[in-house]
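Data block below; observations after.
The values are calculated or read from the model by the stated rules, or taken from the named source; none is laboratory data. Please read these numbers as outputs of a predicted model, since none were measured by experiment. Methodologically, a virtual Cβ is constructed for each residue, glycine included, from the backbone with ideal geometry; neighbour enumeration extends over all protein chains shown.
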Amino acid sequence: MVGSLPNRSKRKNRGAMADKDFIIGLLERVRRRVRSEQRFKVIYAILSGALIFPVLLKLIDLFSPIKGLAVVVLLGIWAVATTVWLIRRTRIQVSLDQAAENLDRLAHLQDQMKTAWWFIDHPQSSEWVDVHLQRTVRSAGTLKVETLYPGSIPKTFHRAFALMAVFVILNFLPLSENHNWFFLQGAPPFQLSRTDQALADRAKKLLEKSDAAKELEKIIGDLEHGKISSDAAQQQISDLRQQIDGGNLELSNILDGLASIANQLEHSSALAPAAEAMSAGNAAEAAEEIRSVGENLGVTPEDVLREMQKSMSQAAVNSPASLQELSKRMQETSDSLKNNDPEAGKVALDKLAESLDKLAQRMKDQQQQSQASKQLADLQNSLHQEAAAGEESAEAQQSPSPAEGAGKESGAPSPNSNPSAGTPSGNGQGSKSSSGSNTSGSGLPAELSLGDTTKLDVQLKMEGLKGQAGKGGQPQDFEEASKQERSAMDYRNVPSQLNPAQKDALNQNRLPREQREIVKYYFEEIRPRSAGGPIKQ
Amino acid sequence: MSTAIEQQVEGFQNQFTAVKQEIAKVIVGYDDIIECAIMSLLASGHVLLEGVPGLGKTKLVSTLSEVVHLKFSRIQFTPDLMPADITGTNIVREGEKGEKILEFQTGPIFANIVLADEVNRATPKTQSALLEAMEEQTVSVGKTTYKLEQPFFVLATQNPLEMEGTYPLPEAQLDRFFMKLKVEYPTAGNMSTILNRTTRLEEPHVTRVLDGPQILDMRKTVRSVPIARPIQDYAVRIMMATHPNTPLSNALATRYARCGSSPRGAQALVVGGKIRALLNNRVYVSCDDIRAVAYGALRHRLLLNFEGEAERIDTDTIIKGILESTPETL
């Protein structure tokens, strides 16, 4: 019987410990559930808020493309900020107190868990507390944590999901100006306008057989990737144009030489058609005419042959240095005709025709380069105008420069255009390029006619406005402060503008009080207006 | 041992229910008033019943005194009532040998249950005669202090202050009441029952179901119920919220209260909460218990300022605001 008391006490302690362990185990489970639930809530709440930024950014990008670097920077900052926010907010610590309170609320336990946990955390030797813990264990045995915390999807999840879906859809919208950020696409640092792009494409197409095309492509690429500025690109295009236009001088010489040769050949009736084609600058047609002459050489009369020989000889002598091969062929033809050797003459004329064909090919290349140069000039001018557009003020637009004010409608060369590129068209239509492309001499029409930005010539004239006389406002007297209230200063200390005689007149006691104002008015009226001072007597 | 506590709790509930049912034989309706009155008895407190005349306040108290086997006395407070009329006084009596003996003649306060009827009709001086008896359970007359028999329970009734010939109870007096209960008009259904019971030849009789020692045991049981610190802190926060211009004060209290509850208010919250917990078969106090007794325990301890009185703010409104705004945990 004596030994049974400690045993009973041990059993009691073991039971109390089991109760506490059971409650703590339950609260631990609840804590994990609450923590994960709160974490999900926080994560989706943050995402539903944070995803608004990239969606808005993408919407802006659709209407005003954002450069790739800016996109990377903005999204990077956003990602870092969101991550930091998530990390900070998801470090949720749920205490067992909070878990117990949460469980009480969900299971309607009327603070049973909270008080039980407090008594476990603050042990007390009380039978009442033990009974309370036993009862709590019985209540907890009926609870199903999985049912109380089913792990439902938070409301904010739907919003976050919808925003994410919108963001994906916006990136994959099949629009020409849309850049898919998932594929690390973004608007280039500098994007050519459609017109500029057309000009560049056309120039590249015209220059496709030359190194200039690659060089142009490199300039455009560097510009779009932000490696060079717009000014540098303009300078490089200008240099490229100078390089291309160097060949145009040769074309001019060829055309002049052909015209000179045509002048000599037109004296021969047989060679007149060929001369006519040469004077028109059409070397290919001239070659055909020469071949035709060669085929008919056997039936050509003697005098015509002599005439041909003479014209060829003179043309060979007078042909410019740039057409040496042509001169040589004409001399060979002349020699053959002089030797009355029709066979050799025909061969020589065929060679002359071949030389003219080669010349025609050279001319065609030169013409393409010339057109390409024109396209580049337009491109350069367009880039300049676009760069200047942002800086031009409305005042500058309204008050034209003296050159424009003089009635020059178009053709004003850009400040950095190449002076050697030729003279402006100046045809007064205002639609031709102002780049001063070398159209003189070639006579070729421009395939793409892009004019300058039309500017309104406004001249402001000063006009004088005549005023209209009216009745005007009525004079109004404003009551002075001194009339509203009594002055704080003693009247004797007020400096007077009256002379002693006036003072005496006012200070005389025999002067009735009501008439003093009249006397004062009298003296004021007789005061000299110009002097403004006291009256001199 | 746990079974003993379970039995103790069960016995408490049975005794409480028995008293309540006996009183309910006479008093129709007012279940919450009856319950709070018994709670105050078991909490070693006193009750102030307020209501217009004729609502059965005195009947309730007299019925309670009949149900419990205790000495009962009634004091009808009138404006000319003197303190000695309550406490008693020394009188000169002639002894057997003809000598003069100064003898203390006990007043009606020397009882277990004292009904102070229409307590606010007496002057504050007379009202204050109850102060010592209510708090220290003693009566001092001259140089002698007499200890009152336990249990000592004062049930005071008062008419609303707006009525003619009433004196407001001093704050110190009010603070000594465990609860202030408002007796409202009975409902139409209850009124019919009242008429049925009171207009016949036979009136309902009650039996005594509780005696003094049992009440003292029940009081011990109440005090044994443990309360966790977070719940106790909640009671403290509620009490502190009644004070104007303190960090925990409620906005309504700041605006309309002149001074808030004394610590006796917090004591009433906790002890009342313990009784309510036992009645709900719980051995711990919850925040719900604190809230349930808050109105009765605090409404007379919250004194309105001029603005509150001018706007006729009911202290229950302030307490409601406090209960709604005070968090259970910080």
Across (1) away from chain B (no Cβ under 14 Å); (2) loosely packed, with under 12 Cβ neighbours inside 10 Å, A:Trp181 clears everything bar (2)
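Of the residues that sit in the stretch A:72-96 and are of a type in the set (S, T, N, Q) and surrounded by 14 or more Cβ atoms within 10 Å (Cβ to Cβ), which one is nearest to A:Gly25 (Cα to Cα)?
From the stretch A:72-96, those of a type in the set (S, T, N, Q) are A:82-83, A:90, A:93, A:95; that's our starting set.
Filter again for surrounded by 14 or more Cβ atoms within 10 Å (Cβ to Cβ), leaving A:82, A:90.
On the way: A:Thr82: 35, A:Thr90: 23 Å.
Checked the stretch A:72-96; the qualifying residue nearest to A:Gly25 (Cα to Cα) is A:Thr90.
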Filter the stretch B:238-251 for residues that are buried (at least 19 other Cβ atoms within 10 Å of the Cβ) and among the β-branched types (Val, Ile, Thr); which is nearest to the other protein chains (Cβ to nearest Cβ)? B:Ile238
Filter result for B:Thr254 (in a helix (DSSP H, G or I), in contact with a Pro (Cβ under 7 Å, 6 or more places away or on another chain), surrounded by fewer than 24 Cβ atoms within 10 Å (Cβ to Cβ) and not aliphatic (A, V, I, L, M)): yes
Is one or more of the residues making up the stretch B:230-237 in a helix (DSSP H, G or I) and more than 14 Å from chain A (Cβ to nearest Cβ)? yes
Quickly run through the stretch B:318-330 and pick out the residues that are in contact (Cβ under 8 Å) with a residue 40 or more places away in the chain, over 18 Å from B:Met179 (Cβ atoms) and more than 14 Å from chain A (Cβ to nearest Cβ). B:Gly321, B:Ser325, B:Thr326
Do we have any residue at all in the stretch B:145-157 that's more than 17 Å from the chain's Cα centre (by Cα) and in contact (Cβ under 8 Å) with a residue 40 or more places away in the chain? yes
When only residues in the stretch B:1-12 that are under 14 Å from B:Asp217 (Cβ atoms) and surrounded by 14 or more Cβ atoms within 10 Å (Cβ to Cβ) count, which is nearest to the other protein chains (Cβ to nearest Cβ)? B:Ile5
Under 6 Å between Cβ atoms, at least 6 apart or on separate chains: pull out the pairs that start in the stretch A:157-184 with a residue that is more than 22 Å from A:Leu69 (Cα to Cα) and end on any residue that is of a type outside the set (Val, Ile, Thr) and part of a helix (DSSP H, G or I). A:Phe157/A:Tyr44; A:Arg159/A:Ser48; A:Ala160/A:Tyr44; A:Ala160/A:Leu47; A:Ala160/A:Ser48
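Could you tell me whether A:Val34 is part of a helix (DSSP H, G or I), of a type in the set (A, V, I, L, M), surrounded by 15 or more Cβ atoms within 10 Å (Cβ to Cβ) and at pLDDT below 90?
yes
Residue-by-condition table, conditions (1) buried (at least 24 other Cβ atoms within 10 Å of the Cβ); (2) of a type in the set (D, E, K, R); (3) within 14 Å of chain A (Cβ to nearest Cβ):
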position: B:Leu269; (1), (2), (3): yes, no, no
position: B:Lys274; (1), (2), (3): yes, yes, yes
position: B:Ala277; (1), (2), (3): yes, no, yes
position: B:Asn281; (1), (2), (3): no, no, yes
position: B:Asp289; (1), (2), (3): yes, yes, yes
position: B:Val293; (1), (2), (3): yes, no, no
position: B:Gly296; (1), (2), (3): yes, no, no
position: B:Phe306; (1), (2), (3): no, no, no
If you check A:Ser139 against the conditions, is it on the phi < 0 side of the Ramachandran plot, assigned to a helix (DSSP H, G or I) and either more than 7 Å from every other protein chain (Cβ to nearest Cβ) or buried (at least 21 other Cβ atoms within 10 Å of the Cβ) (or both)? yes
Filter the stretch B:211-221 down to the residues that are touching a helix residue (DSSP H, G or I) at 6+ places or on another chain (Cβ under 7 Å) and surrounded by fewer than 21 Cβ atoms within 10 Å (Cβ to Cβ), then identify the one that is nearest to the other protein chains (Cβ to nearest Cβ). B:Thr221
Within the group B:Val225, B:Val236, which residue is more than 27 Å from B:Glu6 (Cα to Cα), under 21 Å from the mean Cα position of the chain (by Cα) and of a type outside the set (Lys, Arg)? B:Val236
Farther than 26 Å from A:Trp117 by Cβ, in contact with a helix residue (DSSP H, G or I) (Cβ under 8 Å, 6 or more places away or on another chain) and not assigned by TED's automatic domain parsing to the domain that holds B:Val19: which single residue out of B:Ala297, B:Ala266 fits that description? B:Ala297
Whether any residue in the stretch B:161-181 is in a loop (DSSP other than H, G, I, E, B), among the acidic types (Asp, Glu) and surrounded by fewer than 16 Cβ atoms within 10 Å (Cβ to Cβ) is what I want to check. yes
If you scan the stretch A:97-106, which residues turn out to be more than 9 Å from chain B (Cβ to nearest Cβ) and surrounded by fewer than 21 Cβ atoms within 10 Å (Cβ to Cβ)? A:Arg105, A:Leu106
Looking only at the stretch A:107-136, which residues are crowded, with 16+ Cβ neighbours inside 10 Å, more than 7 Å from chain B (Cβ to nearest Cβ) and modelled with pLDDT under 90? A:Ala107, A:Leu109
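One line per residue, one yes/no per condition, for (1) more than 30 Å from A:Ala212 (Cβ to Cβ); (2) surrounded by 20 or more Cβ atoms within 10 Å (Cβ to Cβ); (3) of a type in the set (A, V, I, L, M); (4) touching an Asp or Glu at 6+ places or on another chain (Cβ under 9 Å):
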{"site": "A:Gln242", "(1), (2), (3), (4)": "no, no, no, no"}
{"site": "A:Ala283", "(1), (2), (3), (4)": "no, yes, yes, yes"}
{"site": "A:Ser292", "(1), (2), (3), (4)": "yes, no, no, no"}
{"site": "A:Ser311", "(1), (2), (3), (4)": "yes, yes, no, yes"}
Return yes or no: is B:Arg312 on the phi > 0 side of the Ramachandran plot, in the same structural domain as B:Pro230 (by TED's automatic domain parsing) and either among the basic types (Lys, Arg) or in a loop (DSSP other than H, G, I, E, B) (or both)? yes
Scan of the stretch A:205-233 for residues that are more than 22 Å from A:Gly68 (Cα to Cα) and touching a residue at least 60 places away in the same chain (Cβ under 8 Å), ordered by number: A:Leu206, A:Leu207, A:Lys209, A:Ser210, A:Ala212, A:Leu216
One residue is enough: does the stretch A:72-91 have a residue meeting the conditions facing chain B (nearest Cβ under 10 Å) and in contact (Cβ under 8 Å) with a residue 12 or more places away in the chain? no
Among the residues of the stretch A:176-227, the number that are aliphatic (A, V, I, L, M) and within 30 Å of A:Ala165 (Cβ to Cβ) is 2
May I ask you to verify whether B:Val28 is crowded, with 22+ Cβ neighbours inside 10 Å and away from chain A (no Cβ under 14 Å)? no
Confirm whether A:Asp201 is closer than 30 Å to A:Ser382 by Cα, among the charged types (D, E, K, R) and either in a helix (DSSP H, G or I) or within 14 Å of chain B (Cβ to nearest Cβ) (or both). yes
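One line per residue, one yes/no per condition, for (1) closer than 15 Å to B:Gln173 by Cα; (2) crowded, with 20+ Cβ neighbours inside 10 Å; (3) at pLDDT below 90; (4) not assigned by TED's automatic domain parsing to the domain that holds B:Val183:
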residue: B:Pro79; (1), (2), (3), (4): no, no, yes, no
residue: B:Gly95; (1), (2), (3), (4): no, no, yes, no
residue: B:Ile109; (1), (2), (3), (4): no, yes, no, no
residue: B:Ile113; (1), (2), (3), (4): no, yes, no, no
residue: B:Arg121; (1), (2), (3), (4): yes, yes, yes, no
